[in-house]
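The values are calculated or read from the model by the stated rules, or taken from the named source; none is laboratory data. This is a predicted model, so every value here is computed, not measured. Using ideal geometry, Cβ is built from the backbone for each residue, glycine included, and neighbour counts are taken over all protein chains shown. Note: accessible area is taken over every heavy atom of the protein model, side chains too, but ligands, DNA and RNA are not part of it. Shrake-Rupley method; radii C 1.70, N 1.55, O 1.52, S 1.80 Å.
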Amino acid sequence: MIPIEPQLLERINTWLTPTFDQDTQDKIRHMIANNTKELEESFYKDLEFGTGGMRGIMGIGTNRINKFTLGKNTQGLSNYLKTQFPSETIKVAIAYDCRHNSKQLAKLVADVFSANDIMVFLFEDLRPTPELSFALKHLNCHCGIVLTASHNPPEYNGYKVYWQDGGQLVPPHDAEIISEINRLDYSEIKFKANDDLIQYIGKDVDDVFIDNSIKNGSFDTTTKAKQNLNIVFTSLHGTSITAIPETLERAGYSNVHVVEEQRMPNGDFPTVKSPNPEEPEALKMAMELAENVDGDIVIGTDPDCDRLGVVVRNLDNELVILNGNQTMLLMTDFLLKQWKNAGKINGEQFVASTIVSTPMMSVLANAYNVECKIGLTGFKWIAKMIKDFPELDFIGGGEESFGFMVGDFVRDKDAVTSTLLACEIAAQAKAKGSSMYQELIQLYVEHGFYKERLVSLTKKGIEGAREIKQMMIDARENPLKEVNGSKVTRIEDYQLSTVKDLFTQKESKIDIPKSNVLIYYTEDGSKIALRPSGTEPKIKFYISVNTSLDNMSAFQTTEQELERRIDNILKDMNLN
């Protein structure tokens, strides 16, 4: 047996005390005897409760999702809620997705809250994440939890925390809750439920949520146009099957083909390598069905139904996947047009995006004389904008990672309402002899052709985490001076909160929270962002280039030119 380091052994021995059940202790002893590497991975650190929650592999140990790590989170959160709302009856809402153990873990979390005299509204079965955000506000809760690992592999699960406004945790609550959790000992967790404080919810909330989705996602599309749109939908074995088909039906879309092989929720996601609509392979079966039924639009959602992938027909009538930036631009422009046509734009509205998304969002908003607020990656920052600027109307917003939010009735990315919105755009375009793809190209003609690409490098385990950390250190200590023959003109470092102009050598401050992101801007308008993922063992490189587009007929040659420019940037950075 390989010797175990003393510090690691101390952490392991804590889990061999009576605080932990016999089954847990037996599994640890089995790892000690048979799998020292797995033992080290399971205990070398605490699974981090980040600024919105935690996500990790399910199993035994401090670096895993299990009864004790989630119990500790919930106990710390319970303690914090009592300090924040000392004279109120505290209420929380809990939802969960299709993953293995999600239902049991959701009940465990409900038990701990109830053991702390907190009232719990627990969904009776799996539900989309955006419905939790809605339910939290609808039921006047103080906090909400979703058990989900989004689109991570089957061995993962997670725990996302929402606050009173329906958005995920932001400062100062995030750091204060983390501090409270870190102060706790596992022996302080109250597991004994008070079932009188747990109330199950279901269709009563579903109906109100769907009504609000239709209200926010429908825009005067004629009945004929709706019936004429041929839709293919896949839930990729996830929670969206509980909401999207009914939402489309109630909104008047009767021509919907569901991918039956992927209809049933299943935490193994048996028909895909990854249940992530950002991955082309995940939408393969839906695209095949669309070819068979001559579908106009394909929509696929991730397991917890907050992201959506959209597939449309290009100028040659071929099915192509829109990237997240393209979908976001189409949705934002459509919403802005609706607001403008209704005479509702008066300088007191805004749209929102993130620092790693397409710069074209700001260009588009400017054309409508609407502010575009830019925040860190994650919809919690967009939710915070809504909260921080109550005098402004939020129209919509998104980020490149296939998420969009329509209005503010849900305070997180929402694939239910966004799916309906995508169908509205497609139906209206088809009715006037156009298509979503043609509408996108027209945006490029009017506002400039922006092209983006994301490159992710996966680095798993302890060594991978070290590699990612070192890559970011190297990028800061030896910043790029030139990319693909174009000089770097500006560097934004969100960890140091600084912007440096390389021509004048002047530095200024960035007035948003710190984050481990580095962005280069070059003379030719290119933008290159580096960011370690907060939820997966990856480092991500976001590339954006742009040029003018004179007319629709020049689209394909101009697109090829921009693709070559991205290829050359990746080659120059040794990322191809």
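Counting Lys and Arg as +1 and Asp and Glu as -1, each charge on the Cβ, what is the dipole of the chain about the Cα centre in debye, to the nearest 20?
That gives the chain a dipole magnitude of about 720 debye.
Do you know the relative contact order of the chain, to the nearest whole percent, from alpha carbon pairs under 8 angstrom that are 6+ apart?
Details: 1156 pairs, mean separation 63.2, N = 576.
Normalised by residue count, the contact order of the chain is 11 percent.
Based on the Kirkwood radius over alpha-carbon pairs, what value in µm²/s does the Stokes-Einstein equation return for the translational diffusion coefficient of region 471-538 at 10 °C and 1.306 mPa s? So the translational diffusion coefficient is about 127 µm²/s. From largest to smallest, the equivalent ellipsoid semi-axes obtained for the chain from the alpha-carbon gyration tensor read 38, 30, 23 Å. By the rule of a C-alpha distance below 12 Å, with chain neighbours fewer than 8 residues away ignored, the aspartates and glutamates paired with residue 91 are 117.
For residue 226, the lysines whose Cα comes closer than 18 Å to its Cα, not counting residues fewer than 8 places off in the same chain, are 215, 430, 432. For region 47-111, the Stokes-Einstein estimate of translational diffusion at 37 °C and a viscosity of 0.692 mPa s comes to 254 µm²/s, using the Kirkwood hydrodynamic radius over alpha-carbon pairs.
Just list whichever of 72/190; 45/82; 380/527; 337/527 have alpha carbons separated by over 18 Å in the model shown. Beyond 18 Å between Cα atoms: 45/82; 380/527; 337/527.
What per residue convex hull volume, in Å³, comes out for region 227-293 when only alpha-carbon positions are used? Before the final figure, lay out each step's value.
Numbers: hull volume 5.6 nm³, N = 67.
Once divided by residue count, the hull of region 227-293 is 83 Å³.
Ligands, DNA and RNA are left out, and with a 1.4 angstrom probe the accessible area of region 13-95 is 42 Å² per residue.
By the rule of a C-alpha distance below 20 Å, with chain neighbours fewer than 8 residues away ignored, the aspartates and glutamates paired with residue 273 are 97, 155, 260, 261, 281, 288, 302, 304, 306, 536. Here the contact order of region 170-303, divided by its residue count and restricted to Cα pairs under 8 Å and six or more residues apart, works out to 27 percent.
Normalised by the number of residues in region 13-61, the mean separation of alpha-carbon contacts (under 8 Å, six or more apart) gives a relative contact order of 32 percent.
Couplings 3J(HN,Hα) of region 512-526, computed from phi: 9, x, 5, 7, 7, 9, 10, 10, 9, 10, 10, 4, 8, x, 6 Hz, in residue order, whole Hz [Karplus 6.51 cos²θ - 1.76 cosθ + 1.60, θ = phi - 60°; x for Gly and Pro].
Antiparallel beta bridges, as assigned by DSSP with both residues in region 90-227, represent about 30 percent of the total such bridges.
If you average 1/r over every pair of different alpha-carbon atoms in region 107-240 and take one over that average, what Kirkwood value in Å do you get? Evaluated over region 107-240, this radius sits at 17.5 Å. Using only alpha carbons, region 372-517 has a radius of gyration to Kirkwood radius ratio (Rg to Rh) of 1.03. Taking the centroid of alpha carbons for each part, region 154-216 and region 7-62 are 24 Å apart. Remark: region 473-478, residue by residue, has Karplus-estimated 3J(HN,Hα) of 4, 4, 5, 7, 6, 10 Hz, where x stands for each Gly or Pro and the curve is 6.51 cos²θ - 1.76 cosθ + 1.60 at θ = phi - 60°. To put it simply, the accessible area of region 58-117 at a 1.4 Å probe is 47 percent carbon and sulfur.
Set the Förster radius R0 to 45 Å, insert the Cβ-Cβ distance between residue 46 and residue 291 as r into 1/(1 + (r/R0)^6), and round the FRET efficiency to 0.05.
Working: r = 48 Å, r/R0 = 1.07.
The calculated FRET efficiency here is 0.40.
Among the listed pairs 103/192; 460/571; 387/469; 137/373, a Cα-Cα separation exceeding 29 Å is found for 387/469. Calculated mean residue ellipticity at 222 nm for the chain: -12000 deg cm²/dmol, from DSSP H runs with n ≥ 4 weighted as -39500 (n - 2.57), summed, divided by the residue count and rounded to 500.
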